[in-house]
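To start, the structure under review is shown below, and the notes come after it.
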Amino acid sequence: NAGVTQTPKFQVLKTGQSMTLQCAQDMNHEYMSWYRQDPGMGLRLIHYSVGAGITDQGEVPNGYNVSRSTTEDFPLRLLSAAPSQTSVYFCASKNPTSGRGNTGELFFGEGSRLTVL
Amino acid sequence: AQSVSQHNHHVILSEAASLELGCNYSYGGTVNLFWYVQYPGQHLQLLLKYFSGDPLVKGIKGFEAEFIKSKFSFNLRKPSVQWSDTAEYFCAVNALGDMRFGAGTRLTVKP
């Protein structure tokens, strides 16, 4: 299994440009999420989704949009990039913590390093 | 909202020293607790997790953690660290459906 796949791995944008970070998982996980990782701040939750057609905001949602049209995909959109969005972005997925065989463990992608000039 | 606090930002140890990294959380209900490790240049990997039962949980690579409900704590321990344990360690809590992480503790082990 590929697990959680993120693209691109690296991206440089100019202020005001838009882009989409792609995330796909092949584990049939219901829950998917996006985090940003910044030095000294750990991972902060941007948006998450508990299933297709359902999304919700995390700790730092401003400046980001998400959609969940399929179970497999959870793209993160930056409509007008700002230097404050320079960060490493991680997509993660998991099964819910309830139910048989669900561990609640988050599986992470390799990360996408975004620089906004 | 739930929050997670990690007390140490950077810990430096010599090989064979014992390790304890602190983690406290703020949510008062039922929680699932995790420790993740991030080696340089890599993504996060699960070290261990607590859902219920024995509050002392053992993970990979000789790590263990103890859940103390009365103290809202889930500290990570290892009796004898190795140079290869150099990494960043994150405590995480799942209480309200989403997963929240602490700021992380950078561990440097000197050979």
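Just so you know, all these numbers are worked out from the coordinates, no wet-lab data involved. The shown structure was predicted, so the numbers you read here are calculated from the model rather than taken from an experiment. Every residue, glycine among them, receives a Cβ derived from its backbone with ideal geometry; neighbour counts consider all protein chains shown.
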*If you take the residues in the stretch B:47-58 that are assigned to a strand (DSSP E or B) and in contact with a Phe, Trp or Tyr (Cβ under 6 Å, 6 or more places away or on another chain), which one is farthest from the other protein chains (Cβ to nearest Cβ)?*
B:57
*Output the residue which, of all residues in the stretch B:11-34 that are more than 11 Å from chain A (Cβ to nearest Cβ) and of a type in the set (Phe, Trp, Tyr), is nearest to residue B:88 (Cα to Cα).*
B:25
*Would you check which residues across the stretch A:48-86 are within 14 Å of residue A:20 (Cα to Cα), of a type outside the set (Val, Ile, Thr) and either under 11 Å from the mean Cα position of the chain (by Cα) or surrounded by 16 or more Cβ atoms within 10 Å (Cβ to Cβ) (or both) and list them?*
A:64, A:65, A:67, A:68, A:73, A:74, A:75, A:76, A:77, A:78, A:81, A:85
*Filter the stretch B:1-10 down to the residues that are over 27 Å from residue B:53 (Cα atoms) and outside any strand (DSSP E or B), then identify the one that is farthest from the other protein chains (Cβ to nearest Cβ).*
B:8
*Go over the candidates B:44, B:56 one by one and state the one that is on the phi < 0 side of the Ramachandran plot and buried (at least 19 other Cβ atoms within 10 Å of the Cβ).*
B:44
*Pairs under 9 Å by beta carbon, first residue facing chain A (nearest Cβ under 7 Å) in the stretch B:88-110, partner among the acidic types (Asp, Glu) and in a strand (DSSP E or B), six or more apart or different chains?*
B:97/A:56; B:98/A:56; B:104/B:88
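Just for the stretch B:23-39: of the residues that are assigned to a loop (DSSP other than H, G, I, E, B) and without any contact (Cβ under 8 Å) to a residue 60 or more places away in the chain, which one is nearest to the chain's Cα centre (by Cα)?
Looking at the filtered set, the residue picked out is B:39.
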*asked:* The conditions are (1) within 13 Å of chain B (Cβ to nearest Cβ); (2) surrounded by fewer than 17 Cβ atoms within 10 Å (Cβ to Cβ); (3) more than 15 Å from residue A:84 (Cα to Cα); (4) free of Cβ contacts under 8 Å to residues at least 60 places away in the same chain, and residue A:5 fails exactly one of them. Which is it?
replied: (4)
*Answer yes if at least one residue in the stretch B:88-110 is farther than 28 Å from residue A:58 by Cβ and assigned to a loop (DSSP other than H, G, I, E, B), and no otherwise.*
no
